[in-house]
Ligand SMILES: [Zn+2]
């Protein structure tokens, strides 16, 4: 049955429990008791439009399945703005099954990180990796999996073969791990290093 505009969309009474829905918001990753803005009954199931009480963005529940769903990949703290935006976008891609776009962004993150660490822009991706290795950000045991970020991104760009979900998930996880090692650990440590008074050596 298609929606013709004549079927009533119900708005739950804000004082009633059905006006709230508990879910993890796909926009801000927070578990909230969201506000059910509208409900529509179809023969296929119930459609609910919900509003996150934390970030204010809306999501839709089609017969119990939430869109956008929770983002894939961990939250990484302490990222510079451009890197942060690109990483967030890559995570967003996974939640809408845009695997090619995710892998392209992960490869692009290698560029953002390298440039942020002092590499010249408009170089090749291979040279960005060399730069990060020379600067000590990529250690020999990391080389294999960091190279995969570049290789998968390259395949996503140049080959007709589509990346499947599992490969894109791995590419994103490699990227997350790289960002964790380069930025998040330093960010976490800085909170302690700044506060700690130099101790007397005993
Ligand atoms: Zn939210």
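Across the stretch 49-75, which residue is surrounded by the fewest Cβ atoms within 10 Å (Cβ to Cβ) among those that are within 12 Å of the ligand (Cβ to nearest atom), modelled with pLDDT of 90 or more and not in a strand (DSSP E or B)?
Narrowing the stretch 49-75 to residues within 12 Å of the ligand (Cβ to nearest atom): 50-59, 66, 68, 70-71.
The next check asks that each one be modelled with pLDDT of 90 or more; those that pass are 50-59.
Now drop any that are not not in a strand (DSSP E or B), which leaves 52-57.
Values: 52: 20, 53: 13, 54: 14, 55: 13, 56: 10, 57: 14.
Once the filter is applied, the top-ranked residue is 56.
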### Query
For the stretch 89-96, does any single residue satisfy the condition of being free of Cβ contacts under 8 Å to residues at least 60 places away in the same chain, surrounded by 13 or more Cβ atoms within 10 Å (Cβ to Cβ) and within 16 Å of the ligand (Cβ to nearest atom)?
yes
### Task
Collect the residues in the stretch 25-35 that are within 11 Å of the ligand (Cβ to nearest atom) and either free of Cβ contacts under 8 Å to residues at least 12 places away in the same chain or crowded, with 16+ Cβ neighbours inside 10 Å (or both), keeping them in residue-number order.
25, 26, 27, 31, 32, 34
#### Entry: Subset of the stretch 156-181 [modelled with pLDDT under 95 and surrounded by fewer than 17 Cβ atoms within 10 Å (Cβ to Cβ)]
157, 158, 159, 160, 161, 162, 164, 165, 166
### Task
Determine, yes or no, whether residue 78 is part of a loop (DSSP other than H, G, I, E, B), at positive phi and touching a helix residue (DSSP H, G or I) at 6+ places or on another chain (Cβ under 6 Å).
yes
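The values are calculated or read from the model by the stated rules, or taken from the named source; none is laboratory data. Please read all numbers here as calculations on a predicted model, not as lab measurements. Neighbour counts run over all protein chains shown; Cβ positions are idealised from the backbone, glycine included.
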